[in-house]
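K.L.:
Sharing a structure below in structure tokens format, with a few things to ask.
Where a number appears in this text, it was derived from the coordinates with a stated rule and is not lab data. If you're wondering where the values come from, they're calculated on a predicted model, not measured in any experiment. We place every Cβ from the backbone using ideal geometry, glycine too, and count neighbours over all the protein chains shown.
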Amino acid sequence: MLVYRIAKQKYIKDLTGIGAKTVGGRWNPKGVAVLYTSTSAALSVLEVLAHLPVAYFPDDMSVATIEIPDELVSSIDIKELPRDWDKIPPSTGIQHFAMNWISENISVGLKVPSIIVPKEQNLLINPLHPDFDLVKLIEIGPFSFDTRLLK
């Protein structure tokens with residue numbers, strides 16, 4: 001499957017999950033590496049915009065297309081998640097939920113629902129999984145946000 005990631009140009013080739021490890025995220029506590037991607041480029045745009053400060057308009061962005069073999073991806077049903085999975089800020093319960101997947105090396109990728117559009121999915125990638133070397137960076141291109149999105 002193909003997934004997408006939007007990041008600053010200087011970080012776009014970095015698939016180590018160091019950013020999420022440094023600050024933590026919805027699905028990972030601080031100190032645990034996870035690479036956050038989306039199953040569509042459009043959802044990737046929304047996910048980035050949801051985390052940007054209002055006054056910030058990045059102009060040095062890129063979009064990466066990443067390939068991960070389908071057989072290395074697992075998914076969870078939204079009904080299996082803790083009730084507060086979509087709480088803002090995230091609860092530690094959802095981080096613990098995802099830590100089981102990470103620590104047990106269940107799969108390289110895990111499809112999870114997006115809070116922004118719960119019928120759409122993001123894909124978490126575990127860069128420490130033994131099969132991570134099968135994840136391939138396919139394409140990188142420049143990306144700029146349509147200014148109408150930030151009015």
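K.L.:
Over the alpha carbons of the range 69-127, what is the largest minus smallest coordinate on each principal axis, giving the biggest first in Å?
P.N.:
30, 23, 19
K.L.:
Continuing with the same structure: From the P(r) of the chain, could you give the percentage of C-alpha pairs in the tail past 23 Å?
P.N.:
Tail of the P(r) past 23 Å holds 33 percent of the pairs.
K.L.:
Send over the semi-axes of the range 94-151's equivalent ellipsoid, whole angstrom and largest first, taken as the square roots of 5 times the C-alpha gyration tensor eigenvalues.
P.N.:
27, 19, 9
K.L.:
State to the nearest 20 debye the size of the charge dipole of the chain about its Cα centre, where the only charges are +1 on K and R beta carbons and -1 on D and E beta carbons.
P.N.:
The dipole magnitude comes to about 520 debye.
K.L.:
A follow-up question, please. Using alpha-carbon pairs under 8 Å, 6+ residues apart, how would you state the relative contact order of the range 10-95 in percent?
P.N.:
Across the range 10-95, relative contact order equals 28 percent.
K.L.:
Explain nothing, just the number: relative contact order of the range 51-128, from Cα pairs under 8 Å at least 6 residues apart, as a whole percent.
P.N.:
27
K.L.:
Taking only DSSP H segments of four or more residues, each worth -39500 (n - 2.57), what value at 222 nm results for the chain once the sum is divided by all its residues, to the nearest 500 deg cm²/dmol?
P.N.:
Taken over the chain, the calculation gives -5500 deg cm²/dmol.
K.L.:
Here's another thing I want to ask about it. Quick one: of LYS10/LYS87; LYS10/LYS119; LYS79/LYS119; LYS13/LYS111; LYS30/LYS119; LYS8/LYS119, which pairs are farther than 24 Å apart, Cα to Cα?
P.N.:
LYS10/LYS87; LYS10/LYS119; LYS30/LYS119; LYS8/LYS119
K.L.:
Over the range 1-89, with a single point scatterer placed on each C-alpha, what log10 of the ratio I(q)/I(0) does the Debye formula yield at q = 0.16, 0.18 1/Å?
P.N.:
-0.78, -0.99
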